[in-house]
Structure formats: C-alpha cells, structure tokens
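These notes concern the structure reproduced below.
FYI, it's all coordinate maths here, none of it is from the lab. Because the structure is predicted, anything quoted here is derived from the model rather than measured. Every residue, glycine among them, receives a Cβ derived from its backbone with ideal geometry; neighbour counts consider all protein chains shown.
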Amino acid sequence: MPRFSTARLPLITLTLAGAALALLPGTAEAASVTTWEKVADCESGGNWSINTGNGYYGGLQFSLSTWNAYGGSAYADYPHQATEKEQILIGEKVLAAQGEQAWPFCGPNAGLGADTADPFPADPTPPSGKAYDRTRSASGAWSSTTNIDGNTAITEIAESGLPDGTLHVQSLVNGKVYDRTRSASGAWSSTTKIDDNGAITKIASAALPDGTLHVLTVVNGDIWDRTRSASGSWSSATKIDDNGGIKDLSASGLPDGTLHVQALVNGDIWDRTRAASGSWSSAVKIDDNGGVKDLSASGLADGTLHVQALVNGDIWDRTRAASGSWSSAVKIDDNGTIKAISSGAVSDGSMHVQAVVDGDVWDREMSAAGSFSRATQIDDNGGIIATSAAGLPDGTFHVGTIA
C-alpha cells in the first residue's frame, strides 16, 4: 500500500480546452533518478508496478486522469503498466507544472524541489573514425595497416573469422550496422547494411563451427541477435535480453557449437549461453566487480572461454573451463591507463588480447599452455579509439581499429 497517496490531490490545472497545463511560479523542472526513486519509496514502497485497487497506480501513485493528461497513455494504458523510466518522464512533466507539492509530503521529504538534475541526460556524441585492418601472419609477423572503410563516422567495430576462411567486419554508423567481408584470398567486399535500426549503441559478433555468424547489438539497453547462415542469408533480429540497462557486450563461439554473450550491467558482467540447438539460457552473473568499463571474450580450441574486463585501466581475465566452471579473475595487464580492449583466439590454441593506450594498440599473447607474454606495441597511430580482433583457420590473426 502507498504510504502517502498524493494522487488524491489535484495534480493538474487545465485550461477549459483541456490542452494546456498551468505552470506554477517557482516550480522545479527536473530531478535525478535517485530523487525520483526516493519519492517512489515514500509513495509506494518503491513498487513501480503497484496497483492496489485504490485508484492510484505505479511508483509515483498517479491517478489515471493525471496520467492521461500528461501524456502517459503514450506509454501504457495505466501508470503501473509503464516502466520506471516512463513513469519518471511523466513525473517530470507534473513536476515542471506543479512543483514538488504535487507530492505534498513525499516530494519535499525527498528533496524533489531542490534537485535540478536531468534524470536521463543524452549520451555524449561518441568519437568516430575510419576502420583499419592489421594482420599477424601464422609465423608471428605483423603487417602494416590497411584502410578498409573510409566512412569517418564509424563509432564501433567488431569482427569474426568463419570456418571457410572469410573474415567479417561489422561497423556501427549512425546507429546502423554494416558488414564487410574479406575473402579467403584476401579481397575485401563493399559494405552491406544488415541492420538499419538507427538506435544501436554497441555491437559484437561471433562465428560458430557450423559456419553461421551471429551479430549482437544493444538497443535501449536490450540485446538483439541477428544470424547469417552458412549460405550467406541474414535473419531478422531477435531480442535475447530485455534487461534495459545493458551498456556494452561481447560474444564468442565455442567448438561445441554453443554461443556465449556477455552483457555489462552496472559495472558487472553477465553471461548468457545459446545451445547448439538454438535455445538461450538465462543470464548468469560472472563478475560482480561493479567497476568494469569494457569487456571482450574469446573461445579457444580446447573449449575454454576467456572473458576480459577493463577495471581502473587494468585488464583482468576470467576463464570458463570446458566443463562449465568459472575461475576467479586474474590481472594480466596493470598499465592503469588502458581505454579499450579486444581479444581473439588463434587456431594454434593461443589467444591475443589488445589494449588501447594513448591512442596506440598493444598486443599481449597467451600461449596454448596458458602463460601470458609481455605487451608489444603493434600500432602507434596515436588516435585509435577502439579495437576488435579475430583469428582465421590458416593461423593468421586480424586486429581492426577505428582511428
């Protein structure tokens, strides 16, 4: 039951036409999510889905007339059916028009009128650049970089090597995903738009032994999966995680045909598995650090899965055994200033982990026996903002960059 039902009071003042809201002088116009949650704690015990039958709904205890008058019906028929964010957005409108006294006890008690923060500030424009590829031969020699996409508006990059020897590189431009293929002979195709959603913020991809390719995207905090068949046709996207708060992701396939997708939520890492038969498991938290800023993953030939986490500029590696048990995290790079990471497996059983430091890329190898080498600078561009990596069946290894 709500502790103080504010919606019993008149929250709105309308013109006779019922279209314009009367703005009271000196009212606050915005408040942080934290403050709104304090109001909800007071009003409804923090239950954003509450409906006790008393005529007032949701975390902020709106009456249906108030909800409709401020545009809530665009989100849901009743307030308690809307998400927390949607209820807060309507609360913002009420606050702007009526001030904290619209919730006469809980508003002032939570400091609603004194908080002027934007609850959902727009994300800053991400840095962007062109896409480049650098190859490590099977003998260990690194090539010079090749510009594979001159678009300059690329903000994210991912890549996967398929069993047929082709390499697929995905780029994110203006919220849309493009795929470019390098044939086994080394020729690059033009880009093909595979997802025109327009609101995608993060991408990852992974290849499976059956020749399929999965491209994962983050849209509004949820993860969607799109599959390219071995014959080359693309499926429509399927939502596989509706968390709503996912900030980043990584993915990797394993020799047994399973696909693992990692999600970054509130600085923690969650892992979700797609069985070889195609069914998805629920997510399992594998890292509760709370401060993870970036992540990457690689599936090795021995069936192990390695997930790297970037924390305070250092890289930590966590291993999933072929049997399914997770190890604790081990710090493999204590540089302290790393800004982005990627990793990929090589057909000889080794793994390479890349770190972006001051716009340059450093590569660290884990041998098939499990020992890590010292980091080696492989790209001194100075302006690199992101990396991706993938191995191919011929023993070569590719590192993609945005600069």
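In the stretch 276-312, the qualifying residues are those that are in a loop (DSSP other than H, G, I, E, B) and under 19 Å from the mean Cα position of the chain (by Cα), and the one that is surrounded by the most Cβ atoms within 10 Å (Cβ to Cβ) is Ala283. Considering the stretch 122-139, and only residues there that are over 17 Å from the mean Cα position of the chain (by Cα) and more than 17 Å from Val177 (Cα to Cα), the residue that is surrounded by the fewest Cβ atoms within 10 Å (Cβ to Cβ) turns out to be Ser139. Within the stretch 350-371, if we keep just the residues that are among the hydrophobic types (A, V, I, L, M, F, W, C) and over 13 Å from Trp142 (Cα atoms), the residue that is farthest from the chain's Cα centre (by Cα) turns out to be Ala369. May I ask you to verify whether Val215 is among the hydrophobic types (A, V, I, L, M, F, W, C) and surrounded by fewer than 22 Cβ atoms within 10 Å (Cβ to Cβ)? No: the conditions fail for Val215. Of all the residues in the stretch 68-99, those that are at positive phi and part of a helix (DSSP H, G or I) number 0.
Yes/no matrix, rows are residues, columns are (1) farther than 14 Å from Ser160 by Cα; (2) touching a residue at least 40 places away in the same chain (Cβ under 8 Å); (3) in contact with a Cys (Cβ under 6 Å, 6 or more places away or on another chain); (4) among the charged types (D, E, K, R):
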| site | (1), (2), (3), (4) |
| --- | --- |
| Val357 | yes, no, no, no |
| Asp360 | yes, no, no, yes |
| Ser371 | yes, no, no, no |
| Ala375 | yes, yes, no, no |
| Gly382 | yes, no, no, no |
| Ser388 | no, yes, no, no |
| Gly391 | no, yes, no, no |
| His398 | no, yes, no, no |
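Which of the residues spanning the stretch 119-135 are assigned to a loop (DSSP other than H, G, I, E, B), in contact with a strand residue (DSSP E or B) (Cβ under 8 Å, 6 or more places away or on another chain) and of a type in the set (Gly, Ala, Ser)? Scanning the stretch 119-135 gives a single hit, Ser128. Restricting the search to strands (runs of 3 or more DSSP E) fully inside the stretch 330-403 and requiring at least 2 residues that are closer than 18 Å to Ala131 by Cα gives 340-345, 351-357, 360-366, 376-379, 386-391, 397-402. Considering only residues in the stretch 27-76 that are charged (D, E, K, R) and touching a helix residue (DSSP H, G or I) at 6+ places or on another chain (Cβ under 7 Å), the one that is surrounded by the fewest Cβ atoms within 10 Å (Cβ to Cβ) turns out to be Glu29. Scanning the stretch 197-224 for residues that are in a strand (DSSP E or B) and within 22 Å of Leu300 (Cβ to Cβ) yields a count of 8. Restricting attention to the stretch 150-163, does a residue exist that is surrounded by fewer than 18 Cβ atoms within 10 Å (Cβ to Cβ) and either farther than 16 Å from Gly400 by Cα or of a type in the set (D, E, K, R) (or both)? Yes, because at least one residue in the stretch 150-163 is surrounded by fewer than 18 Cβ atoms within 10 Å (Cβ to Cβ) and either farther than 16 Å from Gly400 by Cα or of a type in the set (D, E, K, R) (or both). Residues considered: Thr337, Thr304, Thr273. Of these, the only one that is in contact with a Leu (Cβ under 8 Å, 6 or more places away or on another chain) and not charged (D, E, K, R) is Thr273.
I need the full set of residues from the stretch 173-196 which are surrounded by fewer than 18 Cβ atoms within 10 Å (Cβ to Cβ), in contact with a strand residue (DSSP E or B) (Cβ under 6 Å, 6 or more places away or on another chain) and in a loop (DSSP other than H, G, I, E, B), in order please. Selection gives Gly175, Ser189, Asp196. The residues on offer are Ser65, Ser139, Ser144, and the sole one that is part of a helix (DSSP H, G or I) and hydroxyl-bearing (Ser, Thr, Tyr) is Ser65.
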